[in-house]
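J.: Shown below is the structure under consideration.
The values are calculated or read from the model by the stated rules, or taken from the named source; none is laboratory data. Worth saying up front: this structure is predicted, and the values here are computed from it rather than measured. Here the Cβ is made from the backbone with ideal geometry for all residues, glycine too, and neighbour counts use every protein chain on show. When the accessible area is computed, the model is the full protein with side chains, heavy atoms only, and any ligands, DNA or RNA have been set aside. Shrake-Rupley method; radii C 1.70, N 1.55, O 1.52, S 1.80 Å.
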Amino acid sequence: MKPIAKVYTAIIFLFLFAPIAILLVFSFNSGNSLSVFSGFSLYWYKELFQDSNTLEALRNTLVLALCAAILSTVLGTAASVGMNKLRSKYMRAAMNTVTNLPMVNPEIITGISLMLMFVFVGQMMGLSTSLNFGTILIAHVTFCLPFVILQVLPKLCQMDPALPEAAMDLGCPPLKAFLKVELPEIFPGILTGFIMAFTLSLDDFVISYFTTGNGFETLPIRIYSMTKKTVTPKMYALATLIFFVILILLLLSNLSDRDDKDPARPRARRKLRL
């Protein structure tokens with residue numbers, strides 16, 4: 001790499017991570033200033049774990065992200081298997097377009113559209129409230145699902161189609177052939193899709209803001225409501241903890257992909273247990 005390229009890369013990384021570095025440093029500040037570092041302290045971490053409203057919002061966010069990730073992974077894997085078996089190139093192109101549309105569509109449009117649909121359906125069913133945990137969960141699954149398909153479908157395309165066919169030729173039922181042969185081959189893609197769905201649901205604000213109901217507050221929405229007054233440094237402490245958790249998840253995901261793509265790794269030869 002040329003020296004000018006190294007300097008350019010360093011500037012880009014500095015631009016990307018300088019705000020996060022400042023947040024990490026001032027989460028350990030003994031004062032509440034963002035310009036003066038008074039001294040190292042864990043005071044704001046202590047304050048964070050004593051804030052019941054923030055911890056409840058964090059719990060809601062984690063529960064929502066976990067449920068959305070599980071549903072998106074199951075539905076996305078099933079959709080990927082179905083799309084991989086399509087023989088018509090026109091149908092495959094149409095399905096790819098429909099899948100990619102939620103990823104390129106602006107979140108503000110997706111959020112408003114889902115809100116209007118939920119309100120319309122709620123009024124038709126005569127419900128007292130149209131927005132609740134179920135609506136925000138459906139909304140999160142909607143925008144997480146394409147990312148799971150984007151990770152699982154290439155793994156299915158890379159897999160040798162003769163493997164499940166050989167298993168079924170030897171008498172293995174289709175479901176058992178999928179669980180014993182196909183699932184282990186595409187598991188790295190499933191794991192990556194699950195992690196992506198979890199992280200995307202964890203930090204979503206726009207769609208959550210339009211589709212959540214009263215009594216259910218996620219962490220991004222709580223932080224937004226705090227910006228109308230002031231954001232205390234305990235939010236920096238919470239952001240620091242979330243940053244390191246996400247960093248660990250991404251490292252695990254990258255390690256999984258690297259092991260799967262290692263050319264020196266011999267192709268697994270699995271025995272078909274019928």
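J.: Just name the residue that is modelled with the lowest pLDDT out of those in segment 116-160 that are open to solvent by 20 Å² or more (accessible area, probe 1.4 Å) and of a type in the set (S, T, N, Q).
T.: Among them, the one singled out is Ser128.
J.: I've got another one for you. Please determine whether any residue of segment 66-88 is over 25 Å from the mean Cα position of the chain (by Cα), of a type in the set (Ser, Thr, Tyr), surrounded by fewer than 10 Cβ atoms within 10 Å (Cβ to Cβ) and not in a loop (DSSP other than H, G, I, E, B).
T.: Taking every residue of segment 66-88 in turn, none turns out to be over 25 Å from the mean Cα position of the chain (by Cα), of a type in the set (Ser, Thr, Tyr), surrounded by fewer than 10 Cβ atoms within 10 Å (Cβ to Cβ) and not in a loop (DSSP other than H, G, I, E, B).
J.: Shifting gears a bit: Among all residue pairs at least 6 apart or on different chains, which show Cβ distances below 6 Å where the first residue, located in segment 188-204, is over 13 Å from Thr77 (Cα atoms) and the second is at pLDDT below 90?
T.: Ile195/Leu249; Ile195/Ser253; Thr199/Ile246
J.: Considering (1) open to solvent by 50 Å² or more (accessible area, probe 1.4 Å); (2) touching a Ser or Thr at 6+ places or on another chain (Cβ under 7 Å); (3) at pLDDT 85 or above, say which one Ser30 fails and leave the rest.
T.: So Ser30 meets the others, but not (3).
J.: Pairs under 7 Å by beta carbon, first residue more than 8 Å from Gly213 (Cβ to Cβ) and free of Cβ contacts under 8 Å to residues at least 12 places away in the same chain in segment 117-138, partner hydroxyl-bearing (Ser, Thr, Tyr) and open to solvent by less than 30 Å² (accessible area, probe 1.4 Å), six or more apart or different chains?
T.: Pairs that qualify, where the first residue is more than 8 Å from Gly213 (Cβ to Cβ) and free of Cβ contacts under 8 Å to residues at least 12 places away in the same chain and the partner is hydroxyl-bearing (Ser, Thr, Tyr) and open to solvent by less than 30 Å² (accessible area, probe 1.4 Å), are Gly122/Ser130; Gln123/Ser130.
J.: Just one of Leu55, Leu16 is of a type in the set (A, V, I, L, M) and either open to solvent by 80 Å² or more (accessible area, probe 1.4 Å) or in contact (Cβ under 8 Å) with a residue 60 or more places away in the chain (or both); which is it?
T.: Just one listed residue meets the conditions, Leu16.
J.: Residues Thr9, Thr73: which one is closer than 30 Å to Gly213 by Cα and at pLDDT 85 or above?
T.: Result of the check over Thr9, Thr73: Thr73.
J.: With a cut-off of at least 2 residues that are farther than 22 Å from Leu249 by Cβ, name the helices (runs of 4 or more DSSP H) lying wholly within segment 111-215.
T.: 133-158, 162-169, 174-177, 206-211
J.: Regarding segment 103-111, can at least one residue be identified that is among the aliphatic types (A, V, I, L, M), under 17 Å from the mean Cα position of the chain (by Cα), open to solvent by 90 Å² or more (accessible area, probe 1.4 Å) and over 29 Å from Val231 (Cα atoms)?
T.: Yes, the conditions are met somewhere in segment 103-111.
J.: Do the conditions hold for Ala21, that is, is it over 30 Å from Asn132 (Cα atoms), out of contact with any helix residue (DSSP H, G or I) (no Cβ under 7 Å at 6 or more places or on another chain) and in a helix (DSSP H, G or I)?
T.: For Ala21, the condition - over 30 Å from Asn132 (Cα atoms), out of contact with any helix residue (DSSP H, G or I) (no Cβ under 7 Å at 6 or more places or on another chain) and in a helix (DSSP H, G or I) - is met.
J.: Search segment 139-162 for residues being in contact (Cβ under 8 Å) with a residue 60 or more places away in the chain and aliphatic (A, V, I, L, M), and hand back the single one that is nearest to Leu116 (Cα to Cα).
T.: Once the filter is applied, the top-ranked residue is Ala139.
J.: For segment 229-245, give me the residue count where each residue is modelled with pLDDT of 80 or more and charged (D, E, K, R).
T.: Going through segment 229-245 one residue at a time, the tally reaches 1.
J.: Can you tell me which of Asn214, Asn254 is surrounded by fewer than 20 Cβ atoms within 10 Å (Cβ to Cβ), polar (S, T, N, Q) and either in contact with a Cys (Cβ under 8 Å, 6 or more places away or on another chain) or more than 30 Å from Ser130 (Cβ to Cβ) (or both)?
T.: Asn254
J.: For segment 221-241, give me each residue that is hydrophobic (A, V, I, L, M, F, W, C) and open to solvent by 50 Å² or more (accessible area, probe 1.4 Å).
T.: Hits for segment 221-241 are Ile223, Leu241.
J.: Could you go through segment 89-100 and let me know if any residue there is out of contact with any strand residue (DSSP E or B) (no Cβ under 6 Å at 6 or more places or on another chain), among the aliphatic types (A, V, I, L, M) and either surrounded by 12 or more Cβ atoms within 10 Å (Cβ to Cβ) or outside any helix (DSSP H, G or I) (or both).
T.: yes
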